[in-house]
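**Q** Let me give you the structure first, and then I'll get to my questions.
The values are calculated or read from the model by the stated rules, or taken from the named source; none is laboratory data. Since the structure is predicted, the reported quantities are computational estimates derived from the model, not experimental observations. Here the Cβ positions follow ideal geometry from the backbone for every residue, glycine too, while neighbour counts run over all protein chains shown. Surface areas here come from the heavy atoms of the whole protein model, side chains and all, with no ligands, DNA or RNA. Shrake-Rupley method; radii C 1.70, N 1.55, O 1.52, S 1.80 Å.
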Amino acid sequence: MSRGDMAKPLLGHGSTEGDPSVTPASGRTIGVLGSGDFARSLAIRLVCSGFKVVVGSRNPKRKASLFPSAAEVTFQAEAVKKTDIIFVAVFREHYSTLCDLADVLAGKILVDVSNNTEINHHKESNAEYLASLFPACTVVKGFNVVSAWTLQSGARDGNKQVLICSNNQEAKRTVAEIAQVMGFTPVDMGCMSSACEIENIPLRLLPAWKIPIFLALGLFLCFFTYNLIRQVIHPFIREQKNKLYKIPIEVVNTTLPCVSYVMLSLVYLPGVLAACSQLYYGTKYRRFPDWLDQWLQHRKQIGLLSFFCAALHAVYSLCLPMRRSHRYLLIETAVKQAMEKKMNIWVEEEVWRMEIYISVGIIALGLLSLLAITSLPSIANSLNWREFNFIQSSLGFIALVVSTLHTLTYGWSRAFDENQYKFYLPPTYTLTLLVPCTVIIAKVIFSLPCIRHRLLRIRRGWEKGRYVKFVLPSATGEYSSGETSSNV
């Protein structure tokens, strides 16, 4: 972003004029202690949001050129005197250098924006440590989960949430107003004891992706080893042929669709298990086991990894004819056919098999692409619940069925060829069919009217064994009331 762009307000002030809880915050003088990257981005954002900014630095003359011209850069003591709200944008180890300002800081609000380099690196959080150094100040933890880039480019390009915690409700409200004027969404995380949890959030690397990634890696290693045995080790032992050249491309390309296909089925298998649990217990209010609950929560990540493997499989497949080994084998086959004087090598069945196999594979990849795109928050937020459910559930199941057809077309009649059972091991694609076919059969069973109706009633609140009142007409025409079990 150019300096000229930074000088322009990123947010219009018209949206906050009618809100009494926000308007008083704009136009305030905000202090920033520190001159690092985050302090500069914070100052730019505050200036663009209509605040007066005073930056406190130990070397104001040298640092003044790094900040916008609208911000006043002065010594720390002078900056503290001019405002009651101060963002402390220095590292924890430099907090002690501010102790000389303790008298001037008394009674002011300090916003701690620092983070650690390791999770739970210290016994107490940075905010709690800052509060212990300045007991006469009110410390608020906030803005640490927002990056310097988000501050400069605007909340639309990053996470809009600003997590805030403090023991003082009024101080939290003041900082929340500032966050709203800056275009962020403040989230009250409670008292200061939550600061440690807030400071750990930026240090976690893709916490929701850990289990799906390990699952994908585990499946990849299993299928890769299985294919390695069949495609490389078997010909070396039985025919003394060196097939190691197949490992980088061919073995990997055989493994990727297996992982993608199984991962896609694992997206819909927990829904099947959840439906079985609800049918068995006759209620939707019984909690699922923790492992099933975690599984349901990771379906989005599992589906995206399935699409990733499928996309890699498509790219690898396009590269197969480019290999030198493929050219050698093609020439060798042509020479053999010429020596045997075979003029017509057209096999109608194989031609149709490959045409259908490739066509169905393209359709499956297209459906997976649609599922992946609608998983993005920006796209999902533009869809209503029925549209999102139709794409992720109905079209997702169709993608699983099409992927199954793709796999079956690849296998064709090979499952009945004894030469395909190397070391008596079945072809890889037959193993991948187990879980997806189970999901498809279960979905078909659940679509039967008797089971579908019962499952729908359960999900609308009906419970097995719960008594409900009913009214029946008597022989005299009068109505009599009674009770019966709702599972009748």
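**Q** I'd like the full set of residues that are within 26 Å of residue 103 (Cα to Cα) and either free of Cβ contacts under 8 Å to residues at least 60 places away in the same chain or open to solvent by 40 Å² or more (accessible area, probe 1.4 Å) (or both), limited to the range 41-63.
**A** Selection gives 43, 52, 53, 54, 55, 56, 57, 58, 59, 60, 61, 63.
**Q** Any residue at all in the range 148-155 that is of a type outside the set (Asp, Glu), in contact with a Phe, Trp or Tyr (Cβ under 6 Å, 6 or more places away or on another chain), open to solvent by less than 10 Å² (accessible area, probe 1.4 Å) and in a helix (DSSP H, G or I)?
**A** Yes.
**Q** Let me ask another. Evaluate the following for residue 141: is it among the basic types (Lys, Arg), crowded, with 16+ Cβ neighbours inside 10 Å and within 29 Å of the chain's Cα centre (by Cα)?
**A** So residue 141 passes the test.
**Q** Mind checking which residues of the range 183-200 are outside any helix (DSSP H, G or I) and of a type in the set (D, E, K, R)?
**A** 188, the sole residue that qualifies.
Yes or no, residue by residue, for (1) more than 30 Å from residue 408 (Cα to Cα); (2) aliphatic (A, V, I, L, M); (3) modelled with pLDDT of 95 or more:
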{"position": "197", "(1), (2), (3)": "yes, no, no"}
{"position": "219", "(1), (2), (3)": "no, yes, yes"}
{"position": "225", "(1), (2), (3)": "no, no, yes"}
{"position": "238", "(1), (2), (3)": "no, no, no"}
{"position": "245", "(1), (2), (3)": "no, no, no"}
{"position": "253", "(1), (2), (3)": "no, no, yes"}
{"position": "270", "(1), (2), (3)": "no, no, yes"}
{"position": "286", "(1), (2), (3)": "yes, no, no"}
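**Q** Write out, first by first residue and then by second, each pair whose Cβ atoms fall under 6 Å of each other, whose residues are 6+ apart or on separate chains, and whose first residue, in the range 110-128, is hydrophobic (A, V, I, L, M, F, W, C) while the second is surrounded by fewer than 18 Cβ atoms within 10 Å (Cβ to Cβ) and at pLDDT below 90.
**A** These pairs meet every condition: 119/203.
**Q** Here's something else I'd like to know. Which pairs turn up if I take residues in the range 316-345 that are among the charged types (D, E, K, R) and look for partners that are surrounded by 11 or more Cβ atoms within 10 Å (Cβ to Cβ) with beta carbon separation below 9 Å, at least 6 apart in sequence or on another chain?
**A** Here the result reads 323/245; 323/249; 323/250; 324/245, each pair linking the range 316-345 to a residue that is surrounded by 11 or more Cβ atoms within 10 Å (Cβ to Cβ).
**Q** Select, from 65, 57, 41, 69, the only residue that is in the same structural domain as residue 136 (by the TED database), within 38 Å of the chain's Cα centre (by Cα) and of a type in the set (S, T, N, Q).
**A** Of the residues listed, the single one that is in the same structural domain as residue 136 (by the TED database), within 38 Å of the chain's Cα centre (by Cα) and of a type in the set (S, T, N, Q) is 41.
**Q** Those residues that are over 19 Å from residue 45 (Cα atoms) and either outside the structural domain of residue 36 (by the TED database) or open to solvent by less than 50 Å² (accessible area, probe 1.4 Å) (or both), I need them from the range 72-84; list them, please.
**A** Matches in the range 72-84: 76, 77, 80.
**Q** Quick check on residue 306: is it part of a helix (DSSP H, G or I) and closer than 24 Å to residue 265 by Cβ?
**A** In short, yes.
**Q** Also: Among the listed residues 242, 227, 144, which satisfies the condition of being touching a residue at least 24 places away in the same chain (Cβ under 8 Å) and part of a loop (DSSP other than H, G, I, E, B)?
**A** Selected residue: 144, the only one of 242, 227, 144 that is touching a residue at least 24 places away in the same chain (Cβ under 8 Å) and part of a loop (DSSP other than H, G, I, E, B).
**Q** Would you list the helices (runs of 4 or more DSSP H) that sit entirely within the range 382-463 and hold 2 or more residues that are open to solvent by less than 60 Å² (accessible area, probe 1.4 Å) and more than 25 Å from residue 232 (Cβ to Cβ)?
**A** Because the criterion is at least 2 residues that are open to solvent by less than 60 Å² (accessible area, probe 1.4 Å) and more than 25 Å from residue 232 (Cβ to Cβ), the helices (runs of 4 or more DSSP H) in the range 382-463 that meet it are 396-411, 434-446, 449-459.
**Q** Looking only at the range 349-368, count how many residues are open to solvent by less than 50 Å² (accessible area, probe 1.4 Å) and over 18 Å from residue 404 (Cβ atoms).
**A** Residues in the range 349-368 being open to solvent by less than 50 Å² (accessible area, probe 1.4 Å) and over 18 Å from residue 404 (Cβ atoms): 1 in total.
**Q** Also, I was wondering about something else. I'd like the residue in the range 313-348 that is modelled with pLDDT of 85 or more and basic (Lys, Arg) and, out of all such residues, is least open to solvent (accessible area, probe 1.4 Å).
**A** 323
**Q** When only residues in the range 85-114 that are open to solvent by less than 30 Å² (accessible area, probe 1.4 Å) and of a type in the set (Gly, Ala, Ser) count, which is nearest to residue 54 (Cα to Cα)?
**A** 89
**Q** Could you check residue 210 against (1) out of contact with any Cys (no Cβ under 9 Å at 6 or more places or on another chain); (2) open to solvent by 60 Å² or more (accessible area, probe 1.4 Å); (3) modelled with pLDDT of 90 or more; (4) farther than 30 Å from residue 432 by Cβ and say which number it fails?
**A** Checking residue 210 against (1) out of contact with any Cys (no Cβ under 9 Å at 6 or more places or on another chain); (2) open to solvent by 60 Å² or more (accessible area, probe 1.4 Å); (3) modelled with pLDDT of 90 or more; (4) farther than 30 Å from residue 432 by Cβ, the one that fails is (4).
**Q** Please go through the range 270-299 and pick out each residue that is open to solvent by less than 30 Å² (accessible area, probe 1.4 Å) and part of a helix (DSSP H, G or I).
**A** 270, 271, 272, 274, 275, 277, 278, 292
**Q** Could you list, in sequence order, the residues of the range 232-253 that are open to solvent by less than 40 Å² (accessible area, probe 1.4 Å) and over 24 Å from residue 265 (Cβ atoms)?
**A** Within the range 232-253, 232, 234, 235, 246 meet the criteria.
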